[in-house]
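The values are calculated or read from the model by the stated rules, or taken from the named source; none is laboratory data. Everything quoted here is computed from the prediction, not taken from an experiment. Cβ coordinates were reconstructed from backbone atoms using ideal geometry, including for glycine residues, and neighbour counts include every protein chain displayed.
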Amino acid sequence: MTVGTGATMEGVPELEVPTHDDVPAGDAPLARVTAADIDAAAARLAGVVVTTPLELSERLSALTGAKVYLKREDQQVVRSFKLRGAYNAISQLSETEAAAGVVCASAGNHAQGVAFACRTLGIHGRIYLPRTTPRQKRDRIRFHGAEFVELVLVGETYDDAAAAAAADVERTGATMIAPFNNLRVIAGGGTVAREIVNQLGHVPDAVVMPVGGGGLIAGMASFLHERFPHVALYGVEPAGAPSMQAALNAGAPVKLGHIDPFVDGASVARVGDFNHALMSRIPVQMLTVSEGRICTDMLALYQNEGIIAEPAGAMTVAAVSSALGEESVPIAPGSTVVCVISGGNNDVSRYGEILERSLVHQGLKHYFLVNFPQEPGALRRFLDEVLGPDDDISLFEYVKRNNRETGPALVGIELGSADTLPDLLARMDQASLEIEQIDPHSPTFRFLT
């Protein structure tokens, strides 16, 4: 079931509602985004962005005993919510600022949102990308921006691109459109919450939002907390980059020493100053979900609902469907819960890695080093003595074979059921071969997956 997409909220204010972008970054605690700011953003976005579907998930509802809706921002014009913030910010530039153009650094969804906004508004922009940005993403940015956008490839990392973009702003006077640390961008993202309430026709009991740099949740939470303070708010971060939790715990944004870049749409080392300042004043429960769990739910969304979600887009569903022992959203039976699917820009070439991470997470995929004697029948003995009837060898590769007597091999085994792992390990202990399991938490294992 899809909730209607045409509802509007009464009393939308005039478009000159201040968005407080003039607050200096050093004074981020003074930052605020009001529900009125978000109403005004919604008026600016009318006819530009799609009112994305709000769909009831029968599967997740049956799993939780609640009514679980999916807010499908993957169905947005640029396949993510990022257009909302980019357009809201760029559309408010003065004539002088518009003439100077805009600049951003991004290799992902924000770049596409900026490109679309530039073409729609007739404003020229330069988008700085690391040279490693896949051609598919570059092509999508060019498609959305057409002749109004110039792509500049520089360096090998996002930080290189961001430094070049900042230098551009200093040199040319163009306006930087930051992906999340911008109050007008935050207000644009907040329109997702406004749409949810309009589409449902009532206020949900809980809203679950993905968190990267903090732009989307800061806007949505600001709107919901001001207008409907009884709504339970949940933010979900990838376990490999819990930057908002770190900021809230420290009382200020902190830069994580290491992040797992797999969830590329949410793997941010440091949240924005404005984003943290807003979130520190709103009661939101933060959760983390593992990258493997996210992969499992990406596949489940595709196989059950036909939704192609990017890793960041599946985080909220992962937090709702998480198994015992994992962090999960506490859901009361009969309640109404909304999960935001933030984007669907996923490269098809990544699905091999997604499947691998999911199998490892579910305990179905394991790796071993097996020291085979260099004699006929050694592999046959391994198959007969060790493998169960439902187990399968998914990888076999000699690591080193210059010893005349033995040859160590890397062996990947996929189990028919995770419950059979103890039996497999017991058979390995009794086998006549030297076998070592690779620890899933070791650097070697991370290299394999």
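Six or more apart or on different chains, Cβ under 6 Å: which pairs go from a residue in the stretch 96-114 that's under 13 Å from G145 (Cβ atoms) to one that's assigned to a strand (DSSP E or B) and of a type in the set (V, I, T)? Could you list them?
Once the first residue is under 13 Å from G145 (Cβ atoms) and sits in the stretch 96-114, its partners that are assigned to a strand (DSSP E or B) and of a type in the set (V, I, T) give V102/T175; C104/I127; A111/I127.
Among the residues of the stretch 287-315, what is the count of those that are over 16 Å from the mean Cα position of the chain (by Cα) and either in a loop (DSSP other than H, G, I, E, B) or farther than 28 Å from L63 by Cα (or both)?
Residues in the stretch 287-315 being over 16 Å from the mean Cα position of the chain (by Cα) and either in a loop (DSSP other than H, G, I, E, B) or farther than 28 Å from L63 by Cα (or both): 1 in total.
Looking only at the stretch 242-276, which residues are aliphatic (A, V, I, L, M) and buried (at least 24 other Cβ atoms within 10 Å of the Cβ)?
Looking only at the stretch 242-276, we keep the residues that are aliphatic (A, V, I, L, M), and these are 244, 246-248, 250, 252, 254, 256, 259, 263, 266, 268-269, 271.
M244, A247, V263, A266, V268, V271 - these are the residues of the stretch 242-276 that are aliphatic (A, V, I, L, M) and buried (at least 24 other Cβ atoms within 10 Å of the Cβ).
Quick one: what pairs do we get from the stretch 190-205, first residue within 22 Å of V33 (Cα to Cα), second of a type in the set (F, W, Y) and surrounded by fewer than 24 Cβ atoms within 10 Å (Cβ to Cβ), C-beta under 6 Å, 6+ apart or different chains?
Sorted first by the residue in the stretch 190-205, then by its partner, the pairs are V203/F228.
Quick check: anything in the stretch 362-376 out of contact with any helix residue (DSSP H, G or I) (no Cβ under 7 Å at 6 or more places or on another chain), part of a helix (DSSP H, G or I) and under 30 Å from A300 (Cβ atoms)?
The answer is no; no qualifying residue exists.
Only one of these is in a loop (DSSP other than H, G, I, E, B) and out of contact with any Leu (no Cβ under 8 Å at 6 or more places or on another chain): E353, E326. Name it. Reasoning before the result, please.
Details: E353 fails: in a loop (DSSP other than H, G, I, E, B).
The match here is E326.
I'd like to check something: does the stretch 254-264 contain any residue that is small (G, A, S), out of contact with any Leu (no Cβ under 7 Å at 6 or more places or on another chain), assigned to a helix (DSSP H, G or I) and farther than 18 Å from S328 by Cα?
Within the stretch 254-264 (the criterion being small (G, A, S), out of contact with any Leu (no Cβ under 7 Å at 6 or more places or on another chain), assigned to a helix (DSSP H, G or I) and farther than 18 Å from S328 by Cα), the answer is no, since none of the residues qualifies.
Rundown of residues vs (1) at pLDDT 95 or above; (2) within 26 Å of the chain's Cα centre (by Cα); (3) farther than 23 Å from G265 by Cα, yes/no style:
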{"position": "G6", "(1), (2), (3)": "no, no, yes"}
{"position": "P18", "(1), (2), (3)": "no, no, yes"}
{"position": "R32", "(1), (2), (3)": "no, yes, yes"}
{"position": "A43", "(1), (2), (3)": "yes, no, yes"}
{"position": "Y69", "(1), (2), (3)": "yes, yes, no"}
{"position": "R72", "(1), (2), (3)": "yes, yes, no"}
{"position": "G85", "(1), (2), (3)": "yes, yes, no"}
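Scan the stretch 377-388 and tell me whether some residue there is in a strand (DSSP E or B), not acidic (D, E) and not assigned by TED's automatic domain parsing to the domain that holds A318. Outline the logic, then answer.
Step one: filter the stretch 377-388 for residues in a strand (DSSP E or B), giving none.
No, there is no match, as no residue in the stretch 377-388 is in a strand (DSSP E or B), not acidic (D, E) and not assigned by TED's automatic domain parsing to the domain that holds A318.
Kindly indicate whether R140 is modelled with pLDDT under 95 and either polar (S, T, N, Q) or out of contact with any helix residue (DSSP H, G or I) (no Cβ under 7 Å at 6 or more places or on another chain) (or both).
No; evaluated as a whole, the condition is false for this residue.
Looking only at the stretch 240-250, decide whether some residue is modelled with pLDDT under 95 and not in a helix (DSSP H, G or I).
Looking through the stretch 240-250, at least one residue is modelled with pLDDT under 95 and not in a helix (DSSP H, G or I).
Return yes when S61 is in contact (Cβ under 8 Å) with a residue 24 or more places away in the chain and hydroxyl-bearing (S, T, Y) and no when it is not. Break it down into steps so the answer makes sense when it comes.
On the way: in contact (Cβ under 8 Å) with a residue 24 or more places away in the chain: no; hydroxyl-bearing (S, T, Y): yes.
No, not satisfied.
Is it the case that the stretch 265-286 has a residue that's in a strand (DSSP E or B), on the phi < 0 side of the Ramachandran plot and touching a residue at least 24 places away in the same chain (Cβ under 8 Å)?
Restricting attention to the stretch 265-286, the residues satisfying the condition of being in a strand (DSSP E or B) are 285-286.
Adding the requirement that they be on the phi < 0 side of the Ramachandran plot leaves 285-286.
Next, only the ones that are touching a residue at least 24 places away in the same chain (Cβ under 8 Å) stay: 285-286.
Within the stretch 265-286, one or more residues are in a strand (DSSP E or B), on the phi < 0 side of the Ramachandran plot and touching a residue at least 24 places away in the same chain (Cβ under 8 Å).
Limited to the stretch 121-138, what total is found for residues that are more than 20 Å from T96 (Cβ to Cβ) and either surrounded by 14 or more Cβ atoms within 10 Å (Cβ to Cβ) or more than 21 Å from the chain's Cα centre (by Cα) (or both)?
The first filter runs over the stretch 121-138 and keeps only residues more than 20 Å from T96 (Cβ to Cβ), leaving 127-138.
Narrowing further to those that are either surrounded by 14 or more Cβ atoms within 10 Å (Cβ to Cβ) or more than 21 Å from the chain's Cα centre (by Cα) (or both): 127-131, 133, 137-138.
Within the stretch 121-138, residues that are more than 20 Å from T96 (Cβ to Cβ) and either surrounded by 14 or more Cβ atoms within 10 Å (Cβ to Cβ) or more than 21 Å from the chain's Cα centre (by Cα) (or both) number 8.
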